[in-house]
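Working notes, structure below.
We did not get these values from a lab; they are worked out from the coordinates using the rules stated. It should be emphasised that the depicted structure is a prediction, and the values quoted were computed from it without experimental measurement. Quick reminder, even Gly has a Cβ in these numbers, built from the backbone with ideal geometry, and neighbours come from all protein chains shown.
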Amino acid sequence: MRPYSIASTPYYDGGRGIMTSSLRLFIRRVLSDWNYQYRALRIAVDWIIALYFVIPLILVVGYQYYSWWQAQPAWFSWIPLSLVTLIFYLFTWAGTIRFFVEEGDQLFLRQNESWFKHLMVLGWRYSLILQGATTLLLFAVFLPLLVRTFGFSTAQVACLFIFTYLLKVNLGMARQLLALNLYGIVLWLARIVMFAGVFFLYQAPVAHLSDRFVYSWIGVLLLLVLFVFLSKLRFRQKGAFFADIARESDSRMRIVSILLIRVVKRRIKPTRKHPLLFGRSQRLFRGTGASSGLSDFLTKSFFRNGTQWRLTIQFVLVMSTGLFFLPGPLKIIIWIVAACLLAYWRKQFCKEELSAPFLKLFDIQDTAKHQALQAAMPILVLPALLLISLCVGISFFTWWGPLLMLGAAIPLAYGTSSVFTSWY
């Protein structure tokens with residue numbers, strides 16, 4: 001059997017085209033990382049959440065952001081510059097510089113110094129671009145506040161952006177160097193001192209950005225020189241291979257770790273002998289046919305489903321908050337859209353329940369399933385729609401607003417349910 005060596009890998013070219021080959025390896029690892037993050041994100045954000053929460057939230061936030069540019073909200077004046085500075089500084093403390101090294105690289109890649117160093121340089125450049133993009137996104141969110149409330153000019157916003165970005169990448173490099181050279185309680189104390197000390201060094205130029213503009217650009221120049229020094233020091237650091245592997249693993253698992261943050265070992269609770277809702281299994285719909293029994297089944301299945309309760313509460317909170325701040329005509333449009341989304345959501349749930357394997361043991365016709373769907377749908381839509389309608393009515397700031405919207409919610413629930421159940 002031929003012994004394994006770097007020459008046997010598909011990236012080896014006898015010393016020629018080192019940059020091209022290492023670039024291909026880097027691109028493969030970046031694409032693999034993005035694909036892994038996408039698959040991890042799909043675990044939490046499936047099409048139901050994207051349709052009922054993410055898309056409406058983006059629309060509401062986008063409209064709200066546009067309205068901030070048209071007219072400054074009154075509560076903007078309540079936000080001090082020191083609070084914005086603290087948020088920016090906490091942002092600079094987050095994140096790290098990645099080098100995309102893996103544990104298997106010690107077998108062959110570290111033997112080729114040129115390959116390994118070029119791979120680290122590519123990861124370093126990728127991290128700088130990614131940190132710049134996230135910093136730009138943060139400033140885009142706070143831009144109406146900076147311009148409208150604090151009166152920052154374009155040059156001052158650009159200076160603050162560069163200053164914050166350079167501080168972020170410098171802190172990323174400095175924290176890595178501290179972790180590589182200090183351990184235990186000494187490392188913990190050093191991080192606390194650096195966190196507190198750098199905050200005051202960051203706060204002073206930002207607080208005097210308007211009256212002492214030149215000092216901010218001097219700070220930018222000093223951070224740029226410091227970044228060049230820390231980068232060279234980091235690349236010359238010895239014995240950092242396994243620490244880089246651990247850091248890369250943490251960065252790769254960043255989304256998965258958020259999803260699993262509540263996965264803890266718990267004591268198994270005794271199961272209830274009777275469900276909390278409809279514990280006596282009483283009949284909810286009159287009649288003796290299969291459609292009546294299926295209507296009971298669909299209604300009880302939904303209201304006993306904890307996941308549906310949680311998603312419904314989240315949907316009601318998001319929609320109610322957004323509708324509260326929208327102008328009058330747009331409230332009614334989004335209110336009707338919310339009713340349609342609820343009807344479609346409930347229909348999808350009922351269809352999944354009606355396709356349960358145990359129901360196939362019975363000779364149930366599609367006509368009976370359709371009738372059960374039509375009978376149960378309004379009851380499933382009405383509770384969430386009533387809460388949303390109540391919030392819309394309160395937002396009119398009149399005594400008749402809640403009464404009018406609650407009264408209109410009932411025919412709207414039955415109307416949308418009738419439309420969406422007109423076909424099975």
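Subtracting the Cα-Cα distance of residue 365 and residue 214 from 0.36 nm times their residue separation leaves 46.4 nm of extension gain.
Over all other residues within a Cβ to Cβ distance under 11 Å of residue 93, the charged ones net out to +3, with Lys and Arg as +1 and Asp and Glu as -1. What the Cβ-Cβ distance of residue 253 and residue 137 gives, at R0 = 22 Å and to the nearest 0.05, is a FRET efficiency of 0.50. Under the shape rule built on the C-alpha gyration tensor, where the axes satisfy a ≥ b ≥ c, the stretch 76-126 is prolate, since a/c reaches at least 1.5 and a/b is greater than b/c. Count the net charge of all other residues whose Cβ sits under 13 Å from the Cβ of residue 35, scoring Lys and Arg as +1 and Asp and Glu as -1. Result for the local shell: +4.
Length gained on full extension, residue 225 to residue 207, computed as 0.36 nm times the residue gap minus the Cα-Cα distance: 4.2 nm. Assuming charge only on the beta carbon of Lys and Arg (+1) and of Asp and Glu (-1), the dipole of the stretch 112-260 about its Cα centre is about 180 debye to the nearest 20. Inter-label distance, residue 154 to residue 358: 6.8 nm, where each label sits 7 Å from its Cα along the C-beta direction.
Over the stretch 296-424, Cα pairs under 8 Å with separation of 6+ residues give a relative contact order of 33 percent.
The relative contact order of the stretch 154-220, computed from alpha carbon pairs under 8 Å that lie at least 6 residues apart in sequence, is 52 percent.
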